[in-house]
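Read through the structure below, which is laid out as structure tokens, and then see the notes.
Bear in mind that the values in this text are calculations on the coordinates, not laboratory data. The structure presented is a predicted model; accordingly, all values stated were derived computationally and were not measured. Don't worry about glycine lacking a Cβ; one is built from the backbone with ideal geometry, like all the others, and counts go over all protein chains shown.
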Amino acid sequence: MVVSVLSAQTKQTQRHREPCGACADCEVRKMAICAALQDDALDALESIMTSRKLETGEMLVEEGAPKLKVFSLTAGLLRLFTLLPDGRRQISGFLYPGDYLGLADDGTYSQTAEAVVPSTLCSFAVSEMDDLMDAHPALKDRLYVMTREALRQSRDNQLVLGRLAPVEKLASFLLVLSAQAERIGQPANPVHLAMNRTDIADYLGLTIETVSRCFTKMRTQGLIQLPDANTVSILSHRSLAAVAGAEFKS
């Protein structure tokens, strides 16, 4: 009985939490999970939301920890990784603004998530988000669409990692980053590398030295220019796609 009363009180508190008003000015409003809600229904989402800020290198969730919250990334970049038995780090992917963390997790987080750059997220308690989806079925539909998109991105990641030659992997990765930038409304070219060479190496399964040699080789071949360490100008998408063994899409 006591538990039931406490639970009811908790839900009563949740229902009367004041909306924060953050969604109105959110730059990824039309890409994130909240795109499922009309403006007049956003108060319900905002009433269960808290904002979370991460500094570079700060951990958001740890692999194996209980899944208590889900997150929507509004700014920045996260890396998802697993530590291998020999201590090496395998990055499985990156999360971009508009992406949702928690899609592939059940009771525990399947991977560790860290901020690559200063990042901002909307945080939701799992139980409250579940209740909100029951009240607003459009959220469930949106989550289903995002799950399908995450599976497509996972397939693209596998295609990148499946390339045999290191230069093919790096070329594929640059094309994926270019397409991702365009998806979130940023210029597709030049490509901004928020991650460092170590992140790229741990994602592609290469050494840092091999990644650097591949950049040099592509620059020498006239495929790219490197104005600085974090910028890659693609001189020919068609030629880079040919190196990656991918279909060129104009």
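A compact table of results
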quantity	calculated
Protection proxy ranking of 67-74, 195-202, 184-191, 95-102 - average other beta-carbon atoms within 10 Å, highest first	95-102, 67-74, 195-202, 184-191
Local electrostatic count at LYS169 - Lys and Arg +1, Asp and Glu -1, tallied over other residues with Cβ under 13 Å	0
Net charge of Cβ neighbours under 15 Å - reference ASP105; Lys, Arg +1; Asp, Glu -1	-3
Charge dipole (the chain, unit charges on Cβ, about Cα centre) - positive-most of PRO137, TYR109, LEU83	LEU83
Sites SER236 and ASP40 - FRET efficiency at Förster radius 41 Å, r taken between beta-carbons, to 0.05	0.30
Along principal axes, Cα extents of segment 62-168, largest first, whole Å	50, 26, 26
Estimated distance in nm for a label pair at LYS67 and GLU27, the labels positioned 7 Å out from Cα along Cα-to-Cβ	2.9 nm
Inter-probe distance in nm under a simple model that places probes 7 Å from Cα toward Cβ, at SER154 and THR220	3.9 nm
Summed residue charge, Cβ within 10 Å of LEU193's Cβ, Lys/Arg positive, Asp/Glu negative	-1
Segment 118-178 - Rg (one decimal) and Dmax (whole number), Cα, Å	17.0, 50
Per-selection Kirkwood Rh - the chain (Cα, Å, 1 d.p.)	19.7 Å
Straight-distance crosslink candidates among aspartates and glutamates, where the alpha carbon sits under 13 Å from LYS30 and sequence neighbours closer than 8 are dropped	ASP39, ASP99
Separation of alpha-carbon centers, segment 45-110 and segment 171-231, rounded to whole Å	23 Å
Debye, to nearest 20: dipole size of the chain, +1 on Lys, Arg Cβ, -1 on Asp, Glu Cβ	820 debye
